[in-house]
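Here, each number is a calculation from the coordinates, and none is a lab measurement. Since the model is a prediction, treat every value here as computed from it, not as a measurement. Cβ placement follows ideal geometry from the backbone for every residue including glycine, while neighbour counts extend to all protein chains displayed.
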Amino acid sequence: MWYEVCLYRTSGGGIVIVNSKTLVVISSLLVMALIGLGTIQLTIQTSVREICALAQQAHPHPNSNLDALLDYLNTPTHPLELRNRAVWATGRLKQPAALTALVPLHTGAACDHDNSLCQYEIAKAIALCGGNPLPMVESCPNNRN
């Protein structure tokens, strides 16, 4: 029967008894987790592409999404919410070249989403690009993005 007991020897010499039904359940959960992680990654990639397209439309850099994003986030006439999304996308590109533009933006001050770029997102982007941001809070208390 499909629910027979399986014996497995551990590296320490012990024996683990696992019901085949349990193995099917565990395998199914692992497959679902991998599908979920893949979906999240695809969603992130799609969002980054959308923000890069927006930045490229406003500040064309045919060979560099990074340069378009940096121009976009540094242009105060663009909506602050979209500039914060550009900061997020810049971090997701994980390119150390972004550090020269991101580091000066990071003051370490509390976030003021009505008037300035999110310091928490800037710090995360700096870290993702391989830099060391100033100490930052665990999350942004004013996060509306």
Restricting the first residue to segment 107-136 and requiring it to be under 13 Å from Arg83 (Cβ atoms), which pairs with a second residue that is crowded, with 16+ Cβ neighbours inside 10 Å and among the aromatic types (Phe, Trp, Tyr) meet a Cβ separation below 9 Å and a spacing of at least six or different chains?
Cys118/Trp88; Glu121/Trp88; Ala125/Trp88
May I ask you to list the residues in segment 100-118 that are of a type in the set (Ser, Thr, Tyr) and either in a loop (DSSP other than H, G, I, E, B) or within 18 Å of Thr46 (Cα to Cα) (or both)?
Thr107, Ser116
Test: Ala123 is closer than 19 Å to Cys140 by Cα, small (Gly, Ala, Ser) and surrounded by 12 or more Cβ atoms within 10 Å (Cβ to Cβ):
yes
Matching residues in segment 73-99 (assigned to a helix (DSSP H, G or I) and within 19 Å of the chain's Cα centre (by Cα)) number 18
